[in-house]
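Contents: one structure, followed by commentary.
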Amino acid sequence: MSSECELCAAGGETIWQDDLCRVVRIGGEEGDAFPGFCRVVWRAHVAEMTDLAACDRRHLMNVVFATEAALRALLRPDKINLASLGNAVPHLHWHVIPRWRDDSRFPLPIWGEAKRAAPPRKSADNEALAATIAEILSAEVSGA
């Protein structure tokens with residue numbers, strides 16, 4: 001853990017976690033513009049997927065996919081964007097971003113220039129999102 005790394009410190013409001021990673025909800029302007037925007041953050045301070053053992057890579061991606069599935073089930077977006085950049089903060093994390101055709105930047109990435117005002121959207125509450133992520137991961141582990 002690095003005291004200078006914003007993702008080691010927090011990176012958002014934690015809504016689900018285990019010993020290896022956590023799912024955080026992005027707040028502020030980005031969270032308002034893109035309701036449900038989450039990051040899946042690997043706990044150990046590593047920069048790249050290949051820094052992880054194969055079983056840890058699979059675990060991280062299972063959490064990313066469970067977060068995507070939970071957001072799709074709860075919010076019904078038109079699209080989900082998955083991104084792992086790490087250029088500004090070299091701490092392994094994945095962005096899981098619900099998108100709608102009428103959001104402010106669609107079809108551009110969320111970091112592009114706004115094209116229009118977006119209609120207000122309600123996001124899933126954190127408890128429902130955490131419960132759905134846990135349910136999906138549990139089903140995957142049990143083979144259901």
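If you go through segment 34-59 and pick out every residue that is among the aliphatic types (A, V, I, L, M), buried (at least 17 other Cβ atoms within 10 Å of the Cβ) and more than 11 Å from the chain's Cα centre (by Cα), you end up with 1.
Regarding Ala44, is this residue touching an Asp or Glu at 6+ places or on another chain (Cβ under 9 Å) and in a loop (DSSP other than H, G, I, E, B)? Please lay out each step first, then the result.
On the way: touching an Asp or Glu at 6+ places or on another chain (Cβ under 9 Å): yes; in a loop (DSSP other than H, G, I, E, B): yes.
When the stated conditions are applied, Ala44 passes them.
Yes or no: segment 114-128 includes at least one residue that is under 24 Å from Ala10 (Cβ atoms), in a helix (DSSP H, G or I) and touching a strand residue (DSSP E or B) at 6+ places or on another chain (Cβ under 9 Å). Yes. Residue check: Arg22 meets all listed conditions (1) without any contact (Cβ under 8 Å) to a residue 24 or more places away in the chain; (2) within 29 Å of Ala117 (Cβ to Cβ); (3) basic (Lys, Arg); (4) surrounded by 17 or more Cβ atoms within 10 Å (Cβ to Cβ) but one, namely (2).
Got a sec? Which of Ala88, Ala66 is in a helix (DSSP H, G or I) and not β-branched (Val, Ile, Thr)? Working first, answer last.
Values: Ala88 fails: in a helix (DSSP H, G or I).
Only one candidate qualifies: Ala66.
Quick one: in segment 1-17, of everything that is without any contact (Cβ under 8 Å) to a residue 40 or more places away in the chain and either closer than 30 Å to Lys122 by Cβ or not acidic (Asp, Glu) (or both), which residue is surrounded by the most Cβ atoms within 10 Å (Cβ to Cβ)? First the steps, then the outcome.
Let us first name the residues in segment 1-17 that are without any contact (Cβ under 8 Å) to a residue 40 or more places away in the chain, namely 3-4, 9-10, 12, 14, 17.
Imposing the further condition that a residue be either closer than 30 Å to Lys122 by Cβ or not acidic (Asp, Glu) (or both) reduces the set to 3, 9-10, 12, 14, 17.
Values: Ser3: 6, Ala9: 10, Ala10: 11, Gly12: 21, Thr14: 14, Gln17: 14.
Only one residue tops the list, namely Gly12.
Every number here is computed from the coordinates shown, using simple stated rules; none is lab data. Computed from a predicted model, the values in this text were never measured in an experiment. So basically every Cβ, Gly included, is an ideal-geometry build from the backbone, and we count neighbours across all protein chains shown.
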